[in-house]
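Have a look at the structure below, then the notes.
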Amino acid sequence: MEINSYSFRVRYAETDQMGVVYHGNYTQYLEMGRVEWLRALGVTYKSMEDNGIILPVISLHINYKKSALYDDLITVVTQLKSKPLVKIEFDYKVYNESKELLATAHTVLAFMDKKTNRPIKCPDYILEKLGD
């Protein structure tokens, strides 16, 4: 399935006094990975929202392996798990610049109509970009 990598540096504000990334910041890192995965596909969150579609997270699981540290260059590898229907699932691997695995994660998001807050099927334009 489709894979995308996105890299960035850990900012000081994301760490505790020991220079270790606070565990809650990983959810933002995963979001950055998803946003860039979609952008590489040619779709933006903004365009989806402008078209009345939102993608709330309905499930999140993270396994922490090793600490990310201040100023580390982090790479989030985001992979689509299966062809989306009403839900879209991603697997993630988070690495530091030494290629050490810092965390693995899995998210499930639901395609929702912005006005009704009801689930909808994955838009055809996304399915077309994914091909068969």
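Pairs over the 32 Å Cα-Cα cut-off, from the set K66/K129; K81/K115; K83/K114; K66/K87; K83/K115; K99/K121: K66/K129; K99/K121. Placing a label point 7 Å from the Cα of K129 along the Cα-to-Cβ direction, none of the residues of the stretch 83-108 has a backbone N under 11 Å of that point.
Residue exposure proxy: R34, R118, R9, R39, ordered by other Cβ atoms within 10 angstrom of their Cβ from fewest to most, comes out as R118, R9, R39, R34. Between helix 25-41 and the chain there is an angle of about 50 degrees, using the helix long axis and the longest principal axis of the Cα atoms. Qualifying GluC sites (Glu not before Pro) in the stretch 2-39, where qualification requires a DSSP coil assignment and no more than 16 other C-beta atoms within 10 Å, comprise E2. Taking amide H as placed 1.01 Å from N in the peptide plane, T15 has its amide H under 5 Å from the amide H of Y22, each at least 5 places away in sequence or on another chain.
Coupling constants for the stretch 81-95 follow from the phi torsions by the Karplus curve (6.51 cos²θ - 1.76 cosθ + 1.60, θ = phi - 60°), and in residue order they are 7, 7, 4, x, 10, 8, 10, 10, 10, 10, 10, 9, 10, 10, 10 Hz; glycine and proline get x.
No value in this document is a laboratory result; all are computed from the given coordinates. Remember, it's a predicted structure, so these values are computed and weren't measured experimentally. Positions of Cβ are backbone-derived with ideal geometry, glycine not excepted, and every protein chain shown enters the neighbour counts.
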